[in-house]
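Single-structure report; data block below.
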Amino acid sequence: MDFIRYAEQSAALLNTELPDVDALVAHLAGREWLHAQATDRDCMLLRKFQRELRPVFEASAADDQRGVVDGLNDLMVRHPVTPRISDHDPGDLHLHVAARSASVAELLVGEALLGLATLVCDLGPSRLGTCAASPCTHVYVDTSPNASRRYCSERCSSRANVAAYRARRKAAQPA
Ligand SMILES: [Zn+2]
Ligand SMILES: [Zn+2]
């Protein structure tokens, strides 16, 4: 498993609206083997998990280290992760975050929590954030070398830059 990628996917999971199975299947693009398993119950559980996980990103954005650590630890108690060694490729033994019988929701929750916990241990507790381009409320994971990320996407970054440029031009104009 690639923990950084799982951490980044957890941000994508929070940024995705999951009203129904179609939306969940769309979120699982590239993981076609999971599509047939996805149910309404998974969507319901994942919507609940989105509400539980958002405060961890908000705590990180507010430099609240305790909030990040306690928040993730609490979530790992509430959603126990069951790792297993997978040998679907016998030449490349690796960890999966959930038992073979796990539901789609259990799998995505396990990946998100282990990914974020590893990221926080490796890169520190301040690498999660909420987009600075209001009114966007998306979250992001900052894996940039100098921890300089402020926006959820290129789109929001350029929108904010254009707005700042307009504001500067307006301020520079004589009244
Ligand atoms: Zn595998
Ligand atoms: Zn944004």
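Within segment 33-43, the set of residues being touching a residue at least 12 places away in the same chain (Cβ under 8 Å) and part of a helix (DSSP H, G or I) comprises L34, Q37, D40, R41, D42, C43.
Taken over segment 81-95, the criterion of being open to solvent by 60 Å² or more (accessible area, probe 1.4 Å) and not aliphatic (A, V, I, L, M) is satisfied by T82, P83, R84, D87, H88, D89, P90, G91, D92. Being crowded, with 18+ Cβ neighbours inside 10 Å, touching a Pro at 6+ places or on another chain (Cβ under 7 Å) and in contact (Cβ under 8 Å) with a residue 40 or more places away in the chain is true of S60. The residues in segment 115-137 that are in contact with a helix residue (DSSP H, G or I) (Cβ under 7 Å, 6 or more places away or on another chain) and either open to solvent by less than 40 Å² (accessible area, probe 1.4 Å) or under 18 Å from Q65 (Cβ atoms) (or both) can be counted, and the count is 15. Within segment 78-104, being assigned to a loop (DSSP other than H, G, I, E, B) and over 23 Å from the mean Cα position of the chain (by Cα) holds for D87, H88, D89, P90, G91, D92, L93, S101. Screening R31, R78, R54 for residues that are open to solvent by less than 70 Å² (accessible area, probe 1.4 Å) and at pLDDT 95 or above leaves exactly one candidate, R54. Residue count for segment 127-147 under the criterion of being in a loop (DSSP other than H, G, I, E, B) and within 16 Å of E8 (Cβ to Cβ): the result is 8. Looking at this structure, is S158 outside any helix (DSSP H, G or I) and over 25 Å from A38 (Cβ atoms)? Criteria not met by S158. Take the conditions (1) surrounded by fewer than 17 Cβ atoms within 10 Å (Cβ to Cβ); (2) touching a residue at least 60 places away in the same chain (Cβ under 8 Å); (3) away from ligand 1 (no atom under 16 Å from the Cβ); (4) not hydroxyl-bearing (S, T, Y); C152 misses just one of them, which is (1). Inside segment 1-28, residues that are open to solvent by 70 Å² or more (accessible area, probe 1.4 Å), touching a residue at least 12 places away in the same chain (Cβ under 8 Å) and not in a loop (DSSP other than H, G, I, E, B) make up a count of 2. So K170 ticks every box in (1) in a helix (DSSP H, G or I); (2) surrounded by 12 or more Cβ atoms within 10 Å (Cβ to Cβ); (3) more than 14 Å from ligand 2 (Cβ to nearest atom) but one. Which box is left unticked? All conditions are met except number (2). For segment 72-117, a residue qualifies if it is within 12 Å of ligand 1 (Cβ to nearest atom), in contact (Cβ under 8 Å) with a residue 40 or more places away in the chain and among the aliphatic types (A, V, I, L, M), and the qualifying residues are L95, V97, L107.
The values are calculated or read from the model by the stated rules, or taken from the named source; none is laboratory data. Since this is a predicted model, take the numbers as computed values, not measurements. Because the Cβ atoms are built from the backbone with ideal geometry, glycine has one as well, and the counts that use them run over all protein chains shown. Surface accessibility is based on the protein's heavy atoms, side chains included, excluding ligands, DNA and RNA. Shrake-Rupley method; radii C 1.70, N 1.55, O 1.52, S 1.80 Å.
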